[in-house]
Amino acid sequence: MTLTSNFKLAVLSLSSILFVALTGCSKTKSYSDYLDDEDDAIEKFIKDHKIAVEGTMPASNDEWLTADGKEIYYLYASGKAEGLYFHQVSKGEGTIEPQKNWTAYVRYAGYTLQGNMRYNCTAQYSPDPQSFKIASDASNTTFGEGFQQAVKNLRVGGKCKVIIPFKIGNENNITITGGTISDAAEYQPMYYEIELVGLE
């Protein structure tokens, strides 16, 4: 076999490898694809955790449970917090509602719906609670619309669990190590356990 034939064979082999590699790659997902994936992940989480979803917020100050012990999550279907799934563990003490421009002090843990921890500001990991200013429009804040609406539902000492879609959630959040994990291509919903420690 001549040198020219060897060269042609090498080029053909390389071309075949490149073709397989390129055609084997999945296409870039569209915005709609990411939202579909997010919806599927939330539905799976709800099913796996045997959650009861309701369109009317329960009036109880105690933990919201069905007669057979399932946790009730209220689904916000309109407004800035649309898509938020909110479960009250305890409402907290008193009648003072968190208001716009007040500072809220919270402890929370945030997880992906697959159970991977992203943030942890609970007492055993952080000596001081995190604080943020309650905004009338929280869409571009570190603590987004979903998180802030959850806190507004509580009174001091109250606790809740929430599922927050990406669009009202963790787009601008920061990891506990200080690095940002925001990636608009992920559209990752999150699960949080939140406690309202104080207001001022």
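The values are calculated or read from the model by the stated rules, or taken from the named source; none is laboratory data. The structure displayed is predicted, hence computed values, not measured ones. Reconstructed Cβ throughout: ideal geometry from the backbone, glycine too, with neighbour counts over all protein chains shown. Note: accessible area is taken over every heavy atom of the protein model, side chains too, but ligands, DNA and RNA are not part of it. Shrake-Rupley method; radii C 1.70, N 1.55, O 1.52, S 1.80 Å.
Here are a few things to note about the model shown:
- All positions within region 92-128 that are among the small types (Gly, Ala, Ser) and either surrounded by fewer than 16 Cβ atoms within 10 Å (Cβ to Cβ) or outside any loop (DSSP other than H, G, I, E, B) (or both): Gly94, Ala104, Ala109, Gly110, Gly115, Ala123, Ser126
- Across region 178-196, the qualifying residues are those that are aliphatic (A, V, I, L, M) and crowded, with 20+ Cβ neighbours inside 10 Å, and the one among them that is modelled with the lowest pLDDT is Met190.
- Selected residue (only one of Ile163, Ile174 is buried (at least 22 other Cβ atoms within 10 Å of the Cβ) and either at pLDDT 90 or above or of a type in the set (Val, Ile, Thr) (or both)): Ile163
- Scope region 40-69; condition open to solvent by 80 Å² or more (accessible area, probe 1.4 Å) and assigned to a helix (DSSP H, G or I); matching residues: Asp40, Glu43, Lys44, Lys47, Asp48
- Meets criteria (within 13 Å of Arg155 (Cβ to Cβ) and open to solvent by less than 40 Å² (accessible area, probe 1.4 Å)) for Gln88: yes
- Check on Ser60, in contact (Cβ under 8 Å) with a residue 24 or more places away in the chain and either under 17 Å from the mean Cα position of the chain (by Cα) or on the phi < 0 side of the Ramachandran plot (or both): yes
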